[in-house]
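Have a look at the structure below before the remarks.
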Amino acid sequence: MSVATEQFPVRVFGGPTALFEYGGLRFLTDPTFDGPGDYETPGGPTLTKTAPSAGAPADLGRVDAVLLSHDEHADNLDNAGRALLAEVPLTLTTTGGGRRLGDGARGLADWEAAELERPDGGTVTVTAVPALHGPGAREDVEPFTGQVVGFVLTGEGLPTVYVSGDNASLELVEQIAERFAPVDTALLFAGAPRFSVLFGGRPLVLDSAQAAEAARILGARRVVPVHHDSWTHFTEGAGELTAAFTAAGLADLLDWGQHG
């Protein structure tokens, strides 16, 4: 296996939170480390966390950058996660999140790229890619669920990595694939989160069958599923994901990461 396609370890902590080293830099996705309980969403439904995270911020070691799909929901950025951002040099997120979070945060528009210096020379390019937090057209979804963003990481001699964020649109996955496929590692946010009061109960993020289809579209060589456990509104978990990838003939792509 070449260096460019060699797979790297991914530590998963529950919900959307994962840590991985890439190009000598350490990246953390959507930090959520608060304990189980109810979390209110301004103007939206209460979110209930059912299980503790598989680690604490103190367990992470150095974090060079946070890849934050959005800052407005507690299942993607909670109180402990917000505190952690103050200790991290860079948070890449939505344009609105960049304004709200202030120092250390940089908002990226769709297809805008940030160049990060690698410790041993060269750069990692982080490209913001479109995401849609619910079913339907952007103008119908964003007034209710807000702006979200995904990321693609590339670099000379490095694998291509896709972090989907809270995306429910396979059409957007197709646009990303046109530019970046094949993807060596896809961190797919899944779990089919639903609320009866939003969009007729249709999923706000990929369901399991859609996650498998996203993997096919991307030509993914590995899929690390996140965002499928620890919250009551996540309606499909590891069992449903395994079944869907098996039905699609893609079960060998699944990598559940290192827990904690």
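Listing for the model above:
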| read-out | value |
| --- | --- |
| Matching residues in the range 222-257 - criterion: being in contact with a Leu (Cβ under 7 Å, 6 or more places away or on another chain) and part of a loop (DSSP other than H, G, I, E, B) | Arg222, His228, His233 |
| Residues that are assigned to a loop (DSSP other than H, G, I, E, B) and over 21 Å from Ala128 (Cα atoms), drawn from the range 196-220 | Ser196, Val197, Leu198, Arg202, Pro203, Asp207 |
| Evaluation of Pro143 against (1) free of Cβ contacts under 8 Å to residues at least 60 places away in the same chain; (2) exposed (fewer than 15 other Cβ atoms within 10 Å of the Cβ); (3) part of a loop (DSSP other than H, G, I, E, B); (4) not small (Gly, Ala, Ser) (one fails), failing number | (3) |
| Considering residues of the range 64-84 that are among the polar types (S, T, N, Q) and part of a loop (DSSP other than H, G, I, E, B) only, the residue surrounded by the most Cβ atoms within 10 Å (Cβ to Cβ) | Ser69 |
| Filter result for the condition that a residue is surrounded by fewer than 23 Cβ atoms within 10 Å (Cβ to Cβ) and part of a loop (DSSP other than H, G, I, E, B), over Gly96, Gly15, Gly61 | Gly61 |
| Test: Pro119 is touching a residue at least 60 places away in the same chain (Cβ under 8 Å), more than 25 Å from Pro203 (Cβ to Cβ) and loosely packed, with under 14 Cβ neighbours inside 10 Å | yes |
| Among (1) assigned to a strand (DSSP E or B); (2) over 16 Å from Thr17 (Cβ atoms), the one test that Leu187 misses | (2) |
| Matching option when the condition is assigned to a loop (DSSP other than H, G, I, E, B) and either in contact with an Asp or Glu (Cβ under 9 Å, 6 or more places away or on another chain) or buried (at least 19 other Cβ atoms within 10 Å of the Cβ) (or both), among Pro193, Pro182 | Pro193 |
| Pairs with Cβ under 8 Å, 6+ apart, first in the range 206-232 and over 23 Å from Leu68 (Cα atoms), second surrounded by fewer than 20 Cβ atoms within 10 Å (Cβ to Cβ) and modelled with pLDDT under 95 | Arg221/Thr5; Arg221/Gln7 |
| All positions within the range 25-48 that are at pLDDT below 95, on the phi < 0 side of the Ramachandran plot and either surrounded by 15 or more Cβ atoms within 10 Å (Cβ to Cβ) or of a type outside the set (D, E, K, R) (or both) | Tyr39, Thr41, Pro42, Gly44, Pro45, Thr46, Leu47, Thr48 |
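The values are calculated or read from the model by the stated rules, or taken from the named source; none is laboratory data. These numbers were taken from a predicted model, which means no experiment stands behind them. A quick note on method: Cβ atoms are made from the backbone with ideal geometry, for glycine too, and the neighbour counts reach across all protein chains shown.
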